1. From the list 150, 132, which one is surrounded by fewer than 19 Cβ atoms within 10 Å (Cβ to Cβ) and of a type outside the set (Gly, Ala, Ser)?
2. Right, residue 200: crowded, with 17+ Cβ neighbours inside 10 Å and among the hydrophobic types (A, V, I, L, M, F, W, C) or not?
3. Do any strands (runs of 3 or more DSSP E) lying entirely in the stretch 97-140 carry at least 2 residues that are more than 25 Å from residue 152 (Cα to Cα) and in contact (Cβ under 8 Å) with a residue 40 or more places away in the chain, and which ones are they?
4. Of all residues being open to solvent by 70 Å² or more (accessible area, probe 1.4 Å) and outside any strand (DSSP E or B) in the stretch 153-166, which is nearest to residue 264 (Cα to Cα)? Just the residue, please.
5. Confirm whether residue 191 is in contact with a strand residue (DSSP E or B) (Cβ under 7 Å, 6 or more places away or on another chain), assigned to a loop (DSSP other than H, G, I, E, B) and open to solvent by less than 20 Å² (accessible area, probe 1.4 Å).
6. Among the listed residues 255, 237, which satisfies the condition of being open to solvent by 30 Å² or more (accessible area, probe 1.4 Å), small (Gly, Ala, Ser), assigned to a loop (DSSP other than H, G, I, E, B) and within 19 Å of residue 148 (Cα to Cα)?
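The values are calculated or read from the model by the stated rules, or taken from the named source; none is laboratory data. All values derive from a computational prediction rather than experimental measurement. Because the Cβ atoms are built from the backbone with ideal geometry, glycine has one as well, and the counts that use them run over all protein chains shown. The protein model used for the area step is the full one, side chains on, heavy atoms only, and it has no ligands, DNA or RNA in it. Shrake-Rupley method; radii C 1.70, N 1.55, O 1.52, S 1.80 Å.
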Amino acid sequence: MALSSRAHAFSVEALVGRPSKRKLRDPREEAQPELLKKEGGEEEERRSSAAAGRKSELPEKRSKAEPLATTLGCNSFGSLEEKDIIQVELQGSELWKRFHDIGTEMIITKAGRRMFPSVRVKVKGLDPGKQYYVAIDVVPVDSKRYRYIYHSSQWMIAGNTDHSCITPRVYIHPDSPCSGETWMRQIISFDRVKLTNNEMDDKGHIILQSMHKYKPRVHVMKQDSRVDMSRIQSLPAEGVKTFSFKETEFTTVTAYQNQQITKLKIDRNPFAKGFRDPGRSRYYLFYILGLLFKNNHWEFYSLLKTITK
């Protein structure tokens, strides 16, 4: 309903007025932008001062942390860095891998038998001016006894065993002690190491038990004037860096169980040349058979003599 001009003049809207026209600016609202600007400046100043403080503290913290790399001692090898740079590489690893894929076997005898393949390594990272001993030992892989299953051509666990009755022996390389420069210049071979099952052995051979799994370990030891390492029977508690290789694990036997191992050893062992010669191998075969039947089968022996002439 439309109001007359006079009624409109006395209406509530006319007396009160529109909010957009009658609203006055609060003095606090006028001061608020300046206050926010001032607070923002103070906050920015605090942040910049805190960042400057952190930058000034950072060099101090880093200077305190840096000596940790050199003060963490690793027994007589000195600093951690000096110990970690020593590296040992297995020579002939491809041949070792071929044997490992089949299941490496090593013959042990009362008199002692050399290993094939033999452990040969190359050492890097030694101090050229310092003297070192290099040694090898053979330790059990586990506490199990094994047996070979012929129809499946694989090794199976036959039970548990106790290795505590045999004290592990350490074989010191005959060139020890030697300077780091000399060791790094040559290939270190342990081809003279012999394995035996004679627990009463007094010739320094490594004593092992048949039908068990073992792995060789190579040790690099810095010479200590307080200890005569050439006569040690076990590893010292300090100053030793130890290396081992998965592909050098083997099972001890008194006779080869896997025919593939026998063939591979004959093919690759330079000392098995007679077995690789067809004529000579046939001669040895008949000669051995002749010895077996000589006393009881004279006719068979005469036939063998005729064949091998």
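1. 150
2. Against the criterion (crowded, with 17+ Cβ neighbours inside 10 Å and among the hydrophobic types (A, V, I, L, M, F, W, C)), residue 200 does not qualify.
3. Answer list for the stretch 97-140: 120-124, 131-140.
4. 162
5. So residue 191 does not fit the description; no.
6. 255
One line per residue, one yes/no per condition, for (1) touching a helix residue (DSSP H, G or I) at 6+ places or on another chain (Cβ under 9 Å); (2) farther than 14 Å from residue 252 by Cα; (3) modelled with pLDDT under 95:
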site	(1), (2), (3)
109	no, no, no
114	yes, no, no
121	no, yes, no
126	yes, yes, no
137	no, yes, no
148	no, no, no
151	no, yes, yes
164	no, yes, yes
183	no, yes, no
